[in-house]
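Participant: Please find one structure pasted underneath; my questions will follow.
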Amino acid sequence: MIPSPINQAQTWNVDTGLELTPDQPVKRKKKKRNHAQSLNPGRSMAASSHKRAGVRDTLSGSKHITVDNGGNKLTINQVYLGDKELGPLDKFNIYSWKALGHEVNIHTHPFTEGQPQSEQSLGLEPGDVNLFPLTETLRADALVTDVNSPQVKMTETRGLLNNWLGAIPKDSKPTREHIFNMVDLSKSYLGGTQQGLTMDMKVGPSPHLQAYADSFNDNLVSYTRGGNTAELPENQAIGTMQESDVLRSKYAENFNSKIKTFVSEGTPSHDDPWFNKMTGYHGRSYSQSKQWIDVATKTPNKEAIGDNYPVHEPGGVGHGPFRVYKHPSDQTNKGMSLTNPADVYALSLDTLTQELDNIEADEYYYDKAYQAAEMLPRR
């Protein structure tokens with residue numbers, strides 16, 4: 001993942017109840033603050049004298065629930081390639097996950113050899129996330145010997161990913177095609193080998209997250225942005241919270257068999273646009289598992305979602321447990337520019353003031369999410 005771009009497009013008005021001009025900061029609701037909280041990042045205020053009411057959706061009956069208030073804890077795995085600091089939208093979504101009590105892992109790889117990313121270089125503070133150098137994960141996985149493990153079943157995928165990572169030029173400037181190839185292959189690799197949901201950084205939690213939490217344990221999870229590819233999942237979200245490796249191994253075996261055929265005549269050039277092929281391999285591998293759920297088009301019981309579980313997103317209303325801060329037709333790898341920065345800024349404020357401010361979210365990370373939102377471009 002590279003820093004999330006916010007591009008110009010036609011304006012979409014989010015009904016936040018706030019009248020904003022592009023350069024006008026939002027006035028925050030006055031809340032009691034425990035300033036000692038900053039000394040204990042990530043800890044919720046369990047001693048609070050009252051609990052804020054959760055935001056309910058009248059169609060689905062679901063609401064935001066923090067982990068400390070009984071919600072299932074999720075592991076969010078993310079991929080970040082490059083040398084730059086995280087963008088404000090990346091940070092906003094990370095802090096939104098953390099404010100609800102979830103764990104965030106970032107698997108990193110620098111473009112400049114010998115300069116690994118750290119919390120400081122990413123613009124984060126110690127304790128915000130768990131950092132894992134991607135090459136170290138790949139080296140450790142290569143030592144696994146259990147033939148039933150997803151790591152062993154991903155041998156060809158790991159080899160191709162190592163080749164593409166090793167092909168980053170000495171000037172630290174890989175082509176756009178090279179970056180997209182590495183990111184998409186990394187997401188499938190991690191989704192097939194790591195417990196948790198491998199998520200694009202432009203994706204954050206919706207109020208309906210906990211309504212789907214049990215299905216994350218029982219299925220491979222997918223999210224087709226805007227439901228654009230019916231019956232063939234995209235790779236906005238990949239993985240499962242299942243503790244065993246059963247589902248991950250199914251996906252790993254199916255995906256790796258396609259990569260094995262793909263590389264059978266030699267390593268594909270890293271500068272050719274293979275990312276659409278990677279997405280197709282992912283979609284077919286999910287379908288072959290027979291145990292997956294597209295949470296953008298299905299209810300937790302895998303019924304047609306209809307108008308249930310609505311989620312405000314740039315460009316209209318989506319559905320399900322996640323929110324994508326990008327227009328559903330905006331495909332970065334196709335050079336499109338349909339996401340309006342003002343929409344993303346307004347939506348981030350809506351998320352803060354209408355959702356996270358009304359529940360017992362972690363105050364430390366709520367404040368960080370607010371600060372990140374204030375850094376978003378507005379025009």
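The values are calculated or read from the model by the stated rules, or taken from the named source; none is laboratory data. Predicted model only: the values in this text are computed from it and were never measured. Every residue, glycine among them, receives a Cβ derived from its backbone with ideal geometry; neighbour counts consider all protein chains shown.
Participant: Are there any pairs with C-beta distances below 6 angstrom linking a residue in the range 270-281 that is modelled with pLDDT of 95 or more to a residue that is exposed (fewer than 15 other Cβ atoms within 10 Å of the Cβ), with the two at least 6 apart or on different chains, and if so which?
Facilitator: As it stands, the answer is ASP271/THR175, since those pairs meet every condition given.
Participant: Additional query: Within the range 130-162, take every residue that is under 18 Å from ASN181 (Cβ atoms) and of a type outside the set (S, T, N, Q) and give me the one that is surrounded by the most Cβ atoms within 10 Å (Cβ to Cβ).
Facilitator: MET154
Participant: State yes or no: is TYR281 closer than 15 Å to ALA237 by Cβ and aromatic (Phe, Trp, Tyr)?
Facilitator: Details: closer than 15 Å to ALA237 by Cβ: no; aromatic (Phe, Trp, Tyr): yes.
Considered against the rule, which asks whether it is closer than 15 Å to ALA237 by Cβ and aromatic (Phe, Trp, Tyr), TYR281 comes out as no.
Participant: Collect the residues in the range 250-269 that are crowded, with 21+ Cβ neighbours inside 10 Å and not aliphatic (A, V, I, L, M), keeping them in residue-number order. Reasoning before the result, please.
Facilitator: So in the range 250-269, the residues crowded, with 21+ Cβ neighbours inside 10 Å come out as 250-252, 255-256, 259.
Matches in the range 250-269: LYS250, TYR251, PHE255, ASN256.
Participant: Within the range 182-196, identify whether any single residue is assigned to a strand (DSSP E or B), buried (at least 21 other Cβ atoms within 10 Å of the Cβ), modelled with pLDDT of 95 or more and in contact with a Gly (Cβ under 8 Å, 6 or more places away or on another chain), and answer yes or no. Give the steps one after another, and end with the answer.
Facilitator: Filtering the range 182-196 down to residues assigned to a strand (DSSP E or B) leaves 196.
Within this subset, residues satisfying the condition of being buried (at least 21 other Cβ atoms within 10 Å of the Cβ) are 196.
Now narrow it down to the ones that are modelled with pLDDT of 95 or more: 196.
Filter again for in contact with a Gly (Cβ under 8 Å, 6 or more places away or on another chain), leaving 196.
Yes, some residue in the range 182-196 is assigned to a strand (DSSP E or B), buried (at least 21 other Cβ atoms within 10 Å of the Cβ), modelled with pLDDT of 95 or more and in contact with a Gly (Cβ under 8 Å, 6 or more places away or on another chain).
Participant: Considering the range 253-266 alone, what residues qualify as being out of contact with any helix residue (DSSP H, G or I) (no Cβ under 8 Å at 6 or more places or on another chain) and part of a loop (DSSP other than H, G, I, E, B)? Even if it seems obvious, please write down each step before you answer.
Facilitator: Here is the first cut: in the range 253-266, the ones out of contact with any helix residue (DSSP H, G or I) (no Cβ under 8 Å at 6 or more places or on another chain) are 257, 261, 264-266.
Selection gives SER264, GLU265, GLY266.
Participant: Right, another one. Take the residues in the range 267-314 that are in a strand (DSSP E or B) and among the aliphatic types (A, V, I, L, M), then tell me which one is nearest to ASN219 (Cα to Cα). Spell out the reasoning first.
Facilitator: Step one: of the range 267-314, the residues in a strand (DSSP E or B) are 292-294, 298, 304, 310-313.
Adding the requirement that they be among the aliphatic types (A, V, I, L, M) leaves 293, 304, 311.
Values: ILE293: 6, ALA304: 16, VAL311: 22 Å.
Applying the filter and picking the extreme gives ILE293.
Participant: Is it the case, given these coordinates, that LEU165 is assigned to a helix (DSSP H, G or I) and of a type in the set (A, V, I, L, M, F, W, C)?
Facilitator: yes
Participant: Find all pairs meeting these conditions: Cβ atoms under 6 angstrom apart; at least six residues apart or on different chains; first residue within the range 110-122 and of a type in the set (Val, Ile, Thr); second residue in a loop (DSSP other than H, G, I, E, B).
Facilitator: Taking only residues 6 or more apart or on different chains, the pairs are THR112/ASP83; THR112/SER172.
Participant: If I ask for residues that are surrounded by fewer than 24 Cβ atoms within 10 Å (Cβ to Cβ), among the hydroxyl-bearing types (Ser, Thr, Tyr) and over 23 Å from THR137 (Cα atoms), which ones from the range 67-109 would you list?
Facilitator: Passing the criteria: none in range.
Participant: Considering only residues that are in contact with a Phe, Trp or Tyr (Cβ under 7 Å, 6 or more places away or on another chain) and farther than 16 Å from ALA361 by Cα, which ones fall in the range 87-103?
Facilitator: Within the range 87-103, just LEU89 meets the criteria.
Participant: Determine if the range 339-348 includes at least one residue that is under 30 Å from ILE259 (Cβ atoms) and touching a helix residue (DSSP H, G or I) at 6+ places or on another chain (Cβ under 7 Å). It would help to see each step written out before you state the result.
Facilitator: Going residue by residue through the range 339-348, those that are under 30 Å from ILE259 (Cβ atoms) are none.
No, the range 339-348 contains no residue that is under 30 Å from ILE259 (Cβ atoms) and touching a helix residue (DSSP H, G or I) at 6+ places or on another chain (Cβ under 7 Å).
Participant: Does THR332 satisfy being at pLDDT below 90 and either crowded, with 22+ Cβ neighbours inside 10 Å or farther than 30 Å from GLN242 by Cβ (or both)? Before you say what the answer is, go through the steps one by one.
Facilitator: Working: at pLDDT below 90: yes; either crowded, with 22+ Cβ neighbours inside 10 Å or farther than 30 Å from GLN242 by Cβ (or both): yes.
Answer is yes for this residue.
Participant: Pairs needed: first member in the range 179-196, among the hydroxyl-bearing types (Ser, Thr, Tyr); second member anywhere, in a helix (DSSP H, G or I) and at pLDDT 95 or above; C-beta distance under 6 Å; at least 6 residues apart or different chains.
Facilitator: SER188/PHE255; TYR189/THR157; TYR189/LEU161; THR193/PRO150; THR193/GLN151
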